[in-house]
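The values are calculated or read from the model by the stated rules, or taken from the named source; none is laboratory data. Predicted, not measured: the structure shown is a model, and the values here were computed from it. No Cβ is skipped: glycine too gets one built from the backbone with ideal geometry, and neighbour counts run over all protein chains shown. When the accessible area is computed, the model is the full protein with side chains, heavy atoms only, and any ligands, DNA or RNA have been set aside. Shrake-Rupley method; radii C 1.70, N 1.55, O 1.52, S 1.80 Å.
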Amino acid sequence: MVQRGAWGSNVGFILAAVGGAVGLGNLWGFAYSASQGGGAAFVVLYFVFVLVVGVPVLTAELVIGRHTKRSPIAALGQVGGARLKWVGLMFVLVGFGILSFYSVIMGWTGRLLVDFIRGSVPEDTTAHFAAISEGTGAIVAHLVGMLLTILVISRGVQRGIERVSVVLMPTLFLLIAALAVWASTLSGGGPGYAFYLHPDLSRIFHTETITGAAGQAFFSLSLGMGAMITYASYLPGHGNLPAKAAIIALSDTLVAFVGGLVTFPVIFHFGLQQQVSDSAIGALFIAVPRGLLSLGGAGQVVGIVFFSALYIAALTSAISLLEVVSSAAIDSLGWTRARAGWLGGGAIALAGIPGALSSDWVGFLFQLVGQAFLVFGGLLLAVIVGYLWKDAARAELLSGFRSPALATAWIWLLRTVVPLMLAVTLYFAVLALGPAAKALFS
Ligand code: PHE
């Protein structure tokens, strides 16, 4: 068997996992969902959901990964016998599907970064986005993103993923913090903060707000498709997994929250509320550039920082997605890492081309594999760990964690609250597929 990779340090693992989690979902999806879901009401629900559902499922993934030291297909086979291998296979396919559209959005981000660096963002950002989001330019940008991702994966866990994460993640935190400070100097941002931080309680009990928060949290934390199983499979020793899960979830949530402190003042300062409520993509790729253009040179600098941050966030997430696919090929087919990276990544690059030709396809895939399947995957994981594998899971957890009471609470959550919440969320995620599919044909 090919030798399995391993993280060089605890911090390396944490930064890589946070890198996988922090992505376009944090900087693009969170603020948008919050603006649609009643501002702070959404934010509060989101925090509750991360705590009650996200952290337990994340812990379950870390426990499975570290215990089995296998990629998802083999890991689920070990946990539940051959009859559960299909769950792992589904995870790999979901990773494949997500990366195929994620890399397209990453390409748009990269393209705008280049435009800001060259100072060539045209006045009409709507037409510009239409031109760069579909067609040859979009394909090229998508392929460049895939190429970067493959290059990192091929170098290995420690020399590739960990090395890149250790440099890029602190950089990303600094860039976002700088953006938040800059945003606080904007005049007229006050109502933006107020909207973001003042809870509109009339919306908090709407099913859409609740399930929207749940779906967003799952995507943002990269749960339900084995990314965290895969990364945890490279963990040596017996560290404290709930602590790791908490740090990862907290960092991811903090970045999303600070991202909102950037976005909302910007939106209100430039009076872009209408464009933002039209679409999430519009907010990021049309409204923000339009606002920044009006600031001249300073806007150019902010644009470079903003799109660099987005690109870094997207790249480290893309890496974690490709690692799920590659590690499965390495473990299950005996491929070398280079071969798995190039062939797996190459296939995803091809599969991404339809998305680079139609942004409706991107939207549909997001609803399908980025929402419905992730929530379904999380539901399966909760049931598997909570019912079928609970004694082994408990023992694995307690090998590096001293609180049997919390371990009991964890299993209890996985058996009750978590599957219940996820089943309801899944129902609404499936309902949302209809409109997304309709957009494809209109
Ligand atoms: N969590 C990433 C984001 O917020 C997306 C992602 C989902 C990455 C699932 C890996 C797995 O952008």
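Quick notes on this structure:
- Residue 428 touching a residue at least 24 places away in the same chain (Cβ under 8 Å), among the aromatic types (Phe, Trp, Tyr), touching a Ser or Thr at 6+ places or on another chain (Cβ under 7 Å) and open to solvent by 30 Å² or more (accessible area, probe 1.4 Å): yes
- Any hit, segment 225-246, residues being touching a strand residue (DSSP E or B) at 6+ places or on another chain (Cβ under 7 Å) and open to solvent by 10 Å² or more (accessible area, probe 1.4 Å): no
- Long-range neighbours under 8 Å by Cβ, at least six apart or interchain, first residue within 26 Å of residue 361 (Cα to Cα) within segment 133-158, second buried (at least 24 other Cβ atoms within 10 Å of the Cβ) and at pLDDT below 95: 133/285
- Checking residue 91 against (1) open to solvent by 10 Å² or more (accessible area, probe 1.4 Å); (2) of a type outside the set (A, V, I, L, M); (3) in contact with a Pro (Cβ under 9 Å, 6 or more places away or on another chain); (4) farther than 28 Å from residue 274 by Cβ, the condition it does not meet: (1)
- Here 253, 263 are screened, and the one residue that is away from the ligand (no atom under 14 Å from the Cβ) and part of a helix (DSSP H, G or I) is 263.
- Cβ separations smaller than 9 Å between residues 6+ apart or across chains give the following pairs from segment 301-316 residues that are free of Cβ contacts under 8 Å to residues at least 24 places away in the same chain to residues that are part of a helix (DSSP H, G or I) and away from the ligand (no atom under 16 Å from the Cβ): 301/116.
- Condition met for residue 186 (out of contact with any Phe, Trp or Tyr (no Cβ under 7 Å at 6 or more places or on another chain), among the hydrophobic types (A, V, I, L, M, F, W, C), within 16 Å of the ligand (Cβ to nearest atom) and assigned to a loop (DSSP other than H, G, I, E, B)): no
- Annotation note: Cβ proximity below 9 Å between a residue of segment 352-377 that is within 16 Å of residue 137 (Cβ to Cβ) and of a type in the set (S, T, N, Q) and a residue that is open to solvent by less than 10 Å² (accessible area, probe 1.4 Å) and more than 16 Å from the ligand (Cβ to nearest atom) (sequence gap 6+ or interchain) occurs for 359/133; 359/138.
- Residues of segment 134-165 satisfying the condition of being surrounded by fewer than 18 Cβ atoms within 10 Å (Cβ to Cβ) and of a type in the set (Val, Ile, Thr): 136, 140, 144
- Residue 262 being surrounded by 24 or more Cβ atoms within 10 Å (Cβ to Cβ) and either touching a Cys at 6+ places or on another chain (Cβ under 6 Å) or at pLDDT below 90 (or both): no
- Qualifying residue in segment 239-250 (condition: out of contact with any His (no Cβ under 9 Å at 6 or more places or on another chain), within 10 Å of the ligand (Cβ to nearest atom) and either within 25 Å of residue 174 (Cα to Cα) or not polar (S, T, N, Q) (or both)): no
- Filtered by the rule that a residue be over 22 Å from the mean Cα position of the chain (by Cα) and closer than 10 Å to residue 382 by Cβ, segment 415-442 gives 415, 416, 417, 420.
- When every residue of segment 30-44 is checked against the conditions, none turns out to be open to solvent by 10 Å² or more (accessible area, probe 1.4 Å) and closer than 27 Å to residue 162 by Cβ.
- When the residues of segment 316-343 are filtered to those that are over 9 Å from residue 71 (Cβ atoms) and of a type in the set (Gly, Ala, Ser), the one that is nearest to the chain's Cα centre (by Cα) is 317.
- Number of the condition not met by residue 362 [criteria: (1) open to solvent by 40 Å² or more (accessible area, probe 1.4 Å); (2) within 14 Å of the ligand (Cβ to nearest atom); (3) not small (Gly, Ala, Ser)]: (1)
- Scope segment 397-412; condition open to solvent by less than 20 Å² (accessible area, probe 1.4 Å) and closer than 19 Å to residue 235 by Cα; matching residues: 397, 400
- Residue count for segment 204-232 satisfying the condition of being within 15 Å of the ligand (Cβ to nearest atom) and among the polar types (S, T, N, Q): 4.
- Qualifying residue in segment 117-128 (condition: in a helix (DSSP H, G or I), in contact (Cβ under 8 Å) with a residue 24 or more places away in the chain and closer than 13 Å to residue 311 by Cα): no
- Top-ranked residue of segment 15-37 - restricted to ones that are within 6 Å of the ligand (Cβ to nearest atom) and part of a helix (DSSP H, G or I), ranked as farthest from residue 210 (Cα to Cα): 20
- Filter pass, residue 311 being within 16 Å of the ligand (Cβ to nearest atom), of a type in the set (Ser, Thr, Tyr) and in contact with a helix residue (DSSP H, G or I) (Cβ under 9 Å, 6 or more places away or on another chain): yes
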